[in-house]
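Before any comments, here is the structure.
The values are calculated or read from the model by the stated rules, or taken from the named source; none is laboratory data. Nothing here was measured: the structure is a model prediction, and the numbers come from that model. Please note: Cβ atoms are built from the backbone with ideal geometry, for glycine as well, and neighbour counts cover all protein chains shown. These area figures cover heavy atoms from the full protein model, side chains too; ligands, DNA and RNA do not enter into them. Shrake-Rupley method; radii C 1.70, N 1.55, O 1.52, S 1.80 Å.
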Amino acid sequence: MTSVPLLTVRGLRVDYTTPKGTTAALRGVDLDVDRGEVVAVVGESGSGKSTIAHALVRLLPEEATIAGGDIRFDDVDVMSLSQRALRRVRGARIGFVPQDPSHSLNPVLRIGEQIAEVVRRHLGLTPPAAAARAVEILDEVGVPDPAQRARQYPHELSGGLRQRVLIGIAWACNPELVIADEPTSALDATVQRHVLDRMQAMRAAHGTSVLLVTHDLGVAADRADRIVVVNKGEIVERGASAEVLADPQHEYTRRLVAAAPGLRSRRLEPSGGASRAVTEASEPFLRVRGLSKTYGSTGSPIVAADDLEFSIDRGTTFAIVGESGSGKSTTARMIARIVESDAGTITFDGADITRLRGTALRQLRRRLQVVYQNPFGSLDPRMTIGAIIDEPLRAFGMGSRGERASTVRDLMADVRLDPALAARRPAQLSGGQRQRVAIARALALRPEMIILDEPVSALDVSVQEQVLQLLVDLQAEHALTYLFISHDLGVIRQISDEVAVMRRGVILEQGSAESVFAAPQHDYTRDLLSAIPGGGVAAG
């Protein structure tokens, strides 16, 4: 006798309604998840995979409507549950890990209080027991100094640490099913491995089922029993993970597999046979000496950067790689003059910019731009996409309205965005599309240097490849200099000339990308390399 799946989905249809009409996001999705099984839903940004995850627990946005289909969890009709009954199921029996930690944590509550609230509500623990359990959960998902972190607010944690908090909340009540919407896209490879190992341990100990929504085929290959491939709201292929990835039957799946980065990825070269324009100079374009930053002067101060030293030549890419909380993003923000350093100097094109103020700092912004890690928080939700990209052009008085509109269209085309999206707002775009908007905005002023803080972590593999190729082509065309921050060594290898490996505010190792990858000198670097998921996927 065949057992009944824990989750059964039949004919699921979801529509999005906008002033311009109704768009079908899901077109009759059928899906099963057995008890104790891990199923990966894979697809590009905008394919509908996150819509599936949200529809299963009825957490769709207001403009979305479930137009048809059946969802059954443990043979209970989810569609017929009242909101009160649904709230009892969510958290206690179905855990949910949302994609965006910045908007999913309460900014005015301490981290420990937010986790404790979940276990108090669903497990009936006393406040002291819930607080103690919150610290244990933080430790289980790999948050360093969990007791101290439990007392902090979300803005005091890095993006990766916030994501781990959400994972801890989802697992807090030992649910039967966890729906994880891109749960590790913001995490470095070693923490990603730790978190995924945790999921596997929970599955083994409690028979937990996992529906893993991801654009990372390496993660799907390593961690899922079965893969479901989604394209334009329809499932185009499904089967055992090894079979789908070794012998994909659908053209769309073959394209995803071919684009997946991994250990075998190599440095991208400019399109069309163009050569990279590296300018010979007696002095580096950017030089950092003795750069230091410590957060918190009392209690337990956190050293984000400790006596950093490195230099970047014009027209090259210098990458900083490290785990969440290593200080790499703080380093980037100090160089961009968003965060003040405690000590050290930053020299840009021969000029000391460490303490620039006023007009001089404003003029630096034209030459040095930033693409931030989180497209959800860096784009004004009230502005249209066209206005967001046009904003720096207007701020610096560049061109007439018609000329700027033409530039915006060109920039959107450069980052593979349909110019017709210019009238939409960020909430109407997928996460990957929003990040491409952020990249287009940074390119608007045609700066000499761009600081890229995890610029492709939110993108699916095929769009990631397009954006990285775009960055390489723009670098060749305009002699751009990049400071590239990433936790993804597969991405680092594709775009970098020099690499620095950072941990706990200290650079442990640096050198040419080729030497660091071929012969890493530090144990931590070797651990990062060994932790990359799906190393053989890209080879097909």
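I'd like the full set of residues that are polar (S, T, N, Q) and surrounded by fewer than 18 Cβ atoms within 10 Å (Cβ to Cβ), limited to the range 105-146.
Of the residues in the range 105-146, the ones polar (S, T, N, Q) are 106, 114, 126.
Listed by number, the residues that qualify are 106, 126.
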> Exactly one of (1) open to solvent by less than 10 Å² (accessible area, probe 1.4 Å); (2) more than 24 Å from the chain's Cα centre (by Cα) is unmet by residue 52. Its number?
Replying inline: (2)
> Of all residues in the range 1-14, which are over 15 Å from residue 94 (Cβ atoms) and either buried (at least 18 other Cβ atoms within 10 Å of the Cβ) or modelled with pLDDT of 95 or more (or both)?
Replying inline: 10, 11, 12, 13, 14
> Going through the range 306-326 one residue at a time, which ones are open to solvent by less than 10 Å² (accessible area, probe 1.4 Å) and either over 24 Å from residue 531 (Cα atoms) or free of Cβ contacts under 8 Å to residues at least 60 places away in the same chain (or both)?
Replying inline: 308, 310, 312, 315
> Looking at the range 330-377, which of its residues are open to solvent by less than 30 Å² (accessible area, probe 1.4 Å), touching a helix residue (DSSP H, G or I) at 6+ places or on another chain (Cβ under 8 Å) and in a helix (DSSP H, G or I)?
Replying inline: 375
>> Yes or no: the range 511-520 includes at least one residue that is crowded, with 22+ Cβ neighbours inside 10 Å and closer than 15 Å to residue 323 by Cβ.
In response: no
